[in-house]
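The values are calculated or read from the model by the stated rules, or taken from the named source; none is laboratory data. Predicted, not measured: the structure shown is a model, and the values here were computed from it. Neighbour counts run over all protein chains shown; Cβ positions are idealised from the backbone, glycine included. Note: accessible area is taken over every heavy atom of the protein model, side chains too, but ligands, DNA and RNA are not part of it. Shrake-Rupley method; radii C 1.70, N 1.55, O 1.52, S 1.80 Å.
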Amino acid sequence: LLPDHTFASRMTYQERSTHSDDHGNWELTSDGKVLVLHGQHGAPGKFALHDADTLRKLDVNGQEIQSKLNLNYDLKRAPK
């Protein structure tokens with residue numbers, strides 16, 4: 001996430017040797033609780049601001065994902 005409200009992302013799949021890149025613009029919802037990524041591929045990505053260092057992936061309806069497989073949907077801030 002960059003200060004000019006743009007982003008670049010790379011998703012790497014653990015079980016495959018492939019990845020998916022995206023870029024675009026980001027915004028916060030009016031209540032400041034959800035980050036919305038408007039990328040080049042598909043529907044906007046939504047993440048809850050869980051704490052100062054954690055974003056939690058939300059489903060297309062903006063709800064937390066309930067995983068029966070105990071999957072982790074958190075993104076942690078990388079050290080500087």
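For Cα Rg over 2.2 N^0.38 Å, the candidate list reads (i) 0.99; (ii) 1.12; (iii) 1.07; the entry that matches the value derived from this model is (ii). Relative contact order, whole percent, for the chain stands at 16, derived from Cα pairs under 8 Å and 6 or more residues apart.
Segment Asp51..Thr29, full-extension length gain: 6.3 nm, with 0.36 nm per residue of separation and the alpha-carbon distance subtracted.
With each label modelled as a point 7 angstrom along the Cα→C-beta vector, the Asp59-Asn72 pair spans 2.3 nm.
For the stretch 1-17 versus the stretch 18-55, the spacing of their alpha-carbon centroids is 10 Å. Only lysine pairs 8 or more places apart, or on different chains, with alpha-carbon atoms under 14 angstrom apart are counted in the chain, and they number 4. Within the listed set Asn70, Asn61, Asn25, the residue fluctuating most in the Gaussian network model of the chain (springs between alpha-carbon atoms under 10 angstrom) is Asn70. The residues Lys57, Lys80, sorted by heavy-atom accessible surface at 1.4 Å with ligands and nucleic acids left out, run Lys80, Lys57 from largest to smallest. Listed values for the stretch 72-77 are Karplus-derived 3J(HN,Hα) couplings in whole Hz (6.51 cos²θ - 1.76 cosθ + 1.60, θ = phi - 60°), namely 9, 10, 9, 10, 9, 5, and x replaces Gly and Pro.
Carbon-plus-sulfur fraction of the accessible area of the chain, 1.4 Å probe, in percent? Could the numbers behind the result be given before it?
On the way: 3450 of 6610 Å².
Here it works out to 52 percent.
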